[in-house]
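Okay, so here's the structure we're looking at.
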Amino acid sequence: VCTDVDARRRAEAALREGEARFRASQDLSQTPFCLLRAVRAEDGAVADFAFEYVNPAAERVLGAGDGPVQGRRMLALFPWQAEHPLLFPRYVAVLRGEADGAEVELPNGADGRAAWFRNAVTRLDAERIAVAFQDITAAKEAERRQTFLLALADRLRAAPREATAAAAEALARHL
């Protein structure tokens, strides 16, 4: 049996080069990104996901506080995600090919702070998904303030004589 060793070496070198480019781009990215591998129960059902790769931006956002996230299980770190319809159940559906991983915006207040995240997920293969996310809390807060100010301006224009009372009432509710 004759094996083309050169072809195999070239393929392995190309794979290493591709992995190095991936890691370099992800290490510099400001977008949190991770690769998750399915952890299966005895019956084959997805019971959890393990963080196979976590870029530095994701590590900062996810920050477990007691060490790196990479290598750990998602539901062990964030048990509340098991029931969140836009997180664990959605990830399982995307892995199975039953749902697309289109970008969604989701509220997250599990850690005691009101936060919003943009989250997108895609299936890599039968065992892995890729997830990109971004904290959009500041943008959501700015949107809420803008909505309030527009509503206040509408009320002030609608009833000029009652402007002072309307402004005081709206400000009291907002503050």
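The values are calculated or read from the model by the stated rules, or taken from the named source; none is laboratory data. Note that the coordinates shown come from a computational prediction; the quantities given were computed from them, not determined experimentally. For neighbour counting, all protein chains shown are included, and Cβ atoms are generated from backbone atoms with ideal geometry for every residue, glycine included. These accessible areas exclude ligands, DNA and RNA; they are computed on the full protein's heavy atoms, side chains included. Shrake-Rupley method; radii C 1.70, N 1.55, O 1.52, S 1.80 Å.
Key figures for this structure:
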| item | result |
| --- | --- |
| Spans of strands (runs of 3 or more DSSP E) in segment 85-175 with at least 1 residues at pLDDT 80 or above | 115-123, 128-135 |
| Pair list, Cβ < 9 Å and 6+ apart or interchain, from segment 132-144 residues that are open to solvent by less than 30 Å² (accessible area, probe 1.4 Å) to residues that are of a type in the set (S, T, Y) | F133/T31 |
| Segment 46-64: number of residues that are open to solvent by 30 Å² or more (accessible area, probe 1.4 Å), among the hydrophobic types (A, V, I, L, M, F, W, C) and either within 13 Å of F88 (Cα to Cα) or assigned to a strand (DSSP E or B) (or both) | 1 |
| Restricting segment 118-131 to residues that are of a type in the set (K, R) and more than 17 Å from P85 (Cα to Cα), the residue that is least open to solvent (accessible area, probe 1.4 Å) | R128 |
| Selected residue [open to solvent by 20 Å² or more (accessible area, probe 1.4 Å), among the basic types (K, R) and at pLDDT below 85] from R16, R72, R40 | R16 |
| Any pair with Cβ under 7 angstrom, 6 or more apart, that starts in segment 77-103 at a residue that is closer than 17 Å to A132 by Cβ and ends at one that is in a helix (DSSP H, G or I) and of a type in the set (K, R) | A99/R90 |
